[in-house]
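A short worksheet on the structure shown next.
Derivation of every value follows stated rules applied to the coordinates shown; laboratory data play no part. Only a predicted model underlies this, so the values are computations on that prediction, with no experimental measurement involved. Positions of Cβ are generated from backbone atoms using ideal geometry, with glycine treated the same way; all protein chains shown enter the neighbour counts.
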Amino acid sequence: MDIGTVVFFGALVALVVLVIGIYNKLVTLKNRYVNGFSQIEVQLKRRYDLIPNLVETAKGYLSHERETLEAVISARNQALAGLQAAAADPSNAGAIQELASAEGALHAEPNEVALLQGVAATLDCPLPPTLARSGTHPPVPVQQR
C-alpha cells in the first residue's frame, strides 16, 4: 500500500469517528431536552391535580373558620357570664369554675395543614430539590461551536 491510500483510510476513519461523536452528542442533548420537558410536564400535572384538593381544603377551612368563630363567640359569652357571676358573688366556686372552663382548644386539622404546606411547596419551588440537582438542568447552557 502506498502512502496516499494509508492517508485516505486514516482520514476516512477520523471522519467516521467525528461523525459518531457528533451523533452521540446530539442524542445526549435530545435526551436532556426530552427529560427536561417531561419534568416540567410532571410539575404542571402535579399543580393541576392539587387544584381540586385546594378547593376542597378551602371549603373545609371556611367551615372550620365558621365553627371556630361560633366557638369563640360562645366562649366569650360564657366567660363574660362567668366573670359577671364571679364579680357578683366572689365566694361562688361554680362561677369561678365556669370562668375557667370557658377556655377552649381551637386548632386546624392536620390533613389540611399538610395539604396547604404541599401546595405552598409546589407553588414556591419551580422544581423539587431532587429534580433540580439531577443534572438535567445544567447551570451553564451548552455553548454553540
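Footprinting exposure proxy ranking of Tyr61, Tyr48, fewest other C-beta atoms within 10 angstrom first, gives Tyr48, Tyr61. What the Cβ-Cβ distance of Val55 and Leu26 gives, at R0 = 41 Å and to the nearest 0.05, is a FRET efficiency of 0.35. Restricting the stretch 1-93 to trypsin sites (Lys or Arg not before Pro) that sit in a DSSP loop and have at most 12 other Cβ atoms within 10 Å of their own Cβ leaves nothing.
Pairwise Cα distances in the stretch 1-61 exceed 13 Å for 75 percent of all pairs.
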